[in-house]
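Here's the structure, in structure tokens; my notes come after.
Read-outs throughout are calculated quantities, based only on the coordinates presented, and are distinct from any laboratory measurement. Note that this is a predicted model, so its numbers are computed, not measured. Please note: Cβ atoms are built from the backbone with ideal geometry, for glycine as well, and neighbour counts cover all protein chains shown.
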Amino acid sequence: MPTPIDHPTRRLRVDINGQTFVRDVECRKHLSDFLREDCGLKGSHLGCEHGVCGACTVRVDGQIVRGCLVLAAQADGHRIETVETDTPSPRLRALQDAFIEYNALQCGYCTPGMLMAALDLVERRPDADREAVRAWMSGNYCRCTGYHAIVDAVCAVLDRQRGGSFDVATQEADA
Amino acid sequence: MNHPLEKPSHRDLGADLPAVTEDQRHIGVAIPREGTRRLTEGRGQFIDDIELPRMVHVAFWRSPVAHMRIQHIDRTAAQQLPGVVAVVTGPEIATICKPWVATLAHLAGIKSAPQYPLAIDRATWQGEPVVAVVAESRARAEDALALLEVQWEELPAVLNTEMALEAGTPLIHPELGDNLCFQRQLDTGGVDEAFARDDAVVFEETYVFGRHTGVTLEPRCQIADWNAGDQKLTVHHSFQAPHMMQDLYCRQFGLQEQQVRVLCRDVGGSFGIKVHAYPDDFATVALAMLLKRPVKFVADRIESFSSDIHAREHRIHAKIAASRAGEILAFEIDDLTGIGPFSMFPRTSGIEGNQVVNLTGGPYKHKAYRARLKVVFQNKTPTCQYRGVGHPIACAVTEALVDGVAAKLGLDPIAFRQQNVIPDDAYPATGASGIKLEVLSHEACLREARRLCDYDALRAEQAALRQRGVYRGIGVAALIELTNPSAAFYGVGGARIASQDGATLRLEPSGALTVMSSVGEQGQGAEAIFAQIAADAVGVDIARVRVVTGDTDATPYGGGTWASRGAGIGGEAVLQAGKVLRANILATAAAILQRDVQGLRVLRGAVVDLQTGAPLLDLAELGRIAYFRSDTLPKSFTPELMVTRHYAQRDYPFIFTNGVQVSHVEVDVDTGFVKLLKHWAVEDCGRVINPMLVDEQMRGAIVQGIGGALFEECLYDTDGTLRNGNMADYLVPMAAEMPDIVIGHVQSPTRSSELGAKGAGEAGTAGAPGAVMNAINDALAPFGARVASQPITPEKILRALGRI
């Protein structure tokens, strides 16, 4: 049996929440461990490390991914967004507010991944109804809430979006 | 808040009961938990988020088989791997950590064998830790695990509970003489007579409950740090009961309380999984002491599935007798349960079965009851108390029997229950098993559940749809739930598990309020409701209240989170401390203002004139004078602006709650799939502190109950290997499968405390499996088919229907 002593490393340059990180990391390291161990960003969590629970959900170039199923090396030269951003978009901020307002989190361990998945839904499926929200959010496990309040919170933000709440903010952000 | 949203429609319940404080503005109100904002911003601090100087990481080599004798451990190659700090075996750990045997004196005859942090000569379940590898990173420790060479002899495994006590079955602990951990028999007398009555209608069935586990999304984890200079141990632990672990570390390692600090900050789900003392907890502490540096252990998911406690695995033969007039006459159960190779430390693994015996038939007024319980050892992961603890089993058995006999009598399930529950005006009462019931509201809850779900309309719809080949079912479950335990639960049995809790309230110089409670936070909202209670008890706005929990160095001593006791016990301590602090504030104000204390009151952050309401002294000014200008106060007067009060419930062994759940399902009789259409729950947890948080406790608990009823099972191969120890194969409920859940409230406050709150964290789990199983059987009724084995999988439904 070969002795796993020296794992090859690679130098990465990654934009995370608008800040550039340059790090040498083992090629075998997944994105979540890279964010947590090498960048000090503890906001995305590991629940299963095999791509099922969704607690590690982050965005790469605007696309949600499982941080535990993406190698850090694959993120080289790409743009990462996590829930820790200092400049949340109006939609992310509204989701954070709604999660608190509806008590859509209890222990909060799934919440960062849940919020990133919900943000993707709000942006990509503005017409989603309650059933569609339940289906979409099924990629993220929550063991505390029973999901009802999470669905309520996401639906509330979708309602507000349909009511035009983010129109002005969007224009401001674009301007 | 940048974007205030419309407030969710939680009805404030505070006005439904007489107030317990002078100016009650927070208790009973659905106040959002602003304290969770940091969690939405990725700024929580879970154990794996903490990094300490010189910290190393441990990974455990765990037994790959159900039962084995350890023959030889060759650690040479593992030790030589760069980055590896130590490779440590069981006998080395045992030199500094004593073994334990988990029994309780009031569970007569319960026995277990000495258990060590790491297996010494035999490993008795797949997943038992055997060797610890410590390295500079978890990844490097896992690299070294692959270089460890362990030789073992596989031993015969005891898996099947039915075979565990048969002659010829190998003994897991030969010194115990058999594989029996605990047994109990209860007989009120009159049972045979009831079943033999001429007018008796009898229904009997055998119920099976699969093993499942808690699957906290954050796995079990801790960081142990031994400071040799101070001779002090600090343990950061994802846990529910910090003082209990402090006590256990003291006892197992020969330390005293002042040497051990346990910190429990953000805990990523607990549900009872994180209230037990695991072998790897002690091993991690031992490694920190041996290595004199911080050691972090974070279970990965496969370790969680094979080493977190499991629960359930009961087979219960049960029967009920009712008279033709519709009166329940008797229940009888025979329960066999397997608990793994050891009784779990320190709560024991006899409690779940014991609860099934105590609780079966609990809502009803029959007098005749007989129960037999056998708890056996087996070579599977140890089981112990997980959310609901025996209630989901007792409730499902009871309610399935009640539905079964009601159907034989041709009676409506709700009407039959209304006829047989202990009436609301009959309390205090004693149940057939001997349980003392202080004040319950079965009749009111049944009425409210019927109204809430529009029962008659559901029945009409069901009948119409059956004509079209659509099979819907309506399942009802009435339940009782044990909360606010006295020392009768553990203390009388010799376990050093506190049933009392304490709260310290301190008025800060600015007029802010700091609350320190021995009950901590794992997401339920304990800190939030303590802030609500403290704000009202003292008379300040909730925005001025901060709550500190989860630190044995900082908080009063207490039991922590278990048995749905946080609100009822911890909350009462906060209320009492708050009332005394309020009086002390008034005494201080009287001294400052040179006025009679009788003419003053604390109102919304200030001392005001009792008659006119005119503001006299802001609490910030009072704090300034009390803390910084004691020279201006009368010499005989010392302000006491920090108050501690403790509370233990001593009126009853437990304060029971009750509730009714209704499940509405549709069964596809071609595929066996169950669609959960909706779920209703009416609960009575006494005084509700925060209706939104109670609703969310109910919803989350109901979904965990549904998980056990329909999806979750730890599946073992015939050789004792866990087959589905990962999240893809072990099914936990997902958003799409779960129904909307409507919650209703009835409030019958307990008189054992001034606050009147009972627990709300587990009743959802208690009732859901019974309600869902009854709903499925109701849907299958036209086919004469029944299911009685949980999880109720599509395969089991198709077999019941004779389709496969």
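The relative contact order of chain B comes to 16 percent, based on Cα pairs under 8 Å that sit 6 or more residues apart.
Relative contact order (percent) for segment A:1-111, with alpha-carbon contacts under 8 angstrom and 6 or more residues of separation? Can you show the working numbers first?
Values: 171 pairs, mean separation 29.8, N = 111.
Taking the mean separation of contacting Cα pairs over the length of segment A:1-111, I get 27 percent.
From least to most packed, judged by other beta carbons within 10 angstrom and beginning with the fewest, B:Ser748, B:Ser343 follow the order B:Ser748, B:Ser343.
Under 8 Å for C-alpha pairs, at least 6 residues apart: give me the relative contact order for segment B:562-667, rounded to a whole percent. Mind showing how you got there, number by number?
On the way: 86 pairs, mean separation 31.1, N = 106.
It comes to 29 percent, rounded to a whole number.
Segment B:568-642 and segment B:696-738 have Cα centres separated by 52 Å. Within chain B, what percent of beta bridges assigned by DSSP are antiparallel, to the nearest 5? So the antiparallel bridges amount to about 80 percent of the total. Sort segment A:90-174 into rounded, prolate or oblate with this rule: let a ≥ b ≥ c be the square roots of the eigenvalues of the Cα gyration tensor; rounded if a/c is under 1.5, and if a/c is not under 1.5, prolate when a/b is larger than b/c, oblate otherwise. Prolate is the answer for segment A:90-174, as a/c is 1.5 or above and a/b outweighs b/c.
With a sphere of radius 11 Å drawn around the Cβ of A:Arg59, what net charge do the other residues whose Cβ falls strictly inside it have (Lys, Arg +1; Asp, Glu -1)?
Numbers: positive: A:Arg79; negative: A:Asp61, A:Glu81, A:Asp120, A:Glu123.
That works out to -3.
Neighbour counting of Cβ atoms within 10 Å sorts the residues B:Leu616, B:Leu165, fewest neighbours leading, into B:Leu165, B:Leu616. What helices in chain B pass both tests, a Cα length along the helix axis of 20 Å or more and a mean Kyte hydropathy of 0.5 or higher, using whole DSSP H runs? Span-like helices here: B:391-409, B:571-593, B:763-780.
What net charge is computed for the residues neighbouring B:Asn484, neighbours being all others with C-beta under 10 Å from the C-beta of B:Asn484, Lys and Arg scored +1, Asp and Glu -1?
Details: positive: B:Arg565, B:Lys758; negative: B:Glu438, B:Glu572, B:Asp651.
Surrounding charge for B:Asn484 is -1.
Only helical runs count toward this figure. For the protein assembly as shown, summing -39,500 (n - 2.57) over DSSP H runs of n ≥ 4 and dividing by all residues gives -8000 deg cm²/dmol at 222 nm. Annotation: extensible slack from B:Thr718 through B:Leu603 equals 34.6 nm (criterion: 0.36 nm per residue apart, minus Cα-Cα distance). For B:Ile497, neighbours were defined as the other residues whose beta-carbon sits under 13 Å from its Cβ, and their charges (Lys and Arg +1, Asp and Glu -1) total +2.
Inter-part distance, segment B:198-250 to segment B:290-339, computed on C-alpha centroids, equals 13 Å. Could you please state, rounded to a whole Å, how far the C-alpha centre of segment B:369-437 is from the C-alpha centre of segment A:1-79? For segment B:369-437 versus segment A:1-79, the Cα centre distance is 50 Å. With an a/c value under 1.5 for the gyration tensor axes a ≥ b ≥ c computed over the alpha-carbon atoms, the protein assembly as shown is described as rounded. Label separation (B:Glu154 vs B:Ala167): 2.9 nm, computed from points 7 Å beyond Cα along the C-beta direction.
With neighbours defined as other Cβ atoms within 10 Å of a residue's Cβ, the residues B:Trp226, B:Trp680 order from fewest to most as B:Trp226, B:Trp680. What average number of partner chain Cβ atoms lie no more than 10 Å from the Cβ of the residues making up A:34-44? Whole-number average of other-chain Cβ neighbours for A:34-44 is 3.
Of all DSSP bridge pairs formed entirely within segment A:9-81, close to 90 percent run antiparallel.
Shape call for segment B:16-123 from the C-alpha gyration tensor, a ≥ b ≥ c root eigenvalues: rounded (a/c under 1.5), prolate (a/b greater than b/c) or oblate? Present the calculation step by step, with values, prior to reporting the outcome.
Values: a/c = 3.80, a/b = 1.65, b/c = 2.30.
Oblate, because a/c is 1.5 or more while a/b does not exceed b/c.
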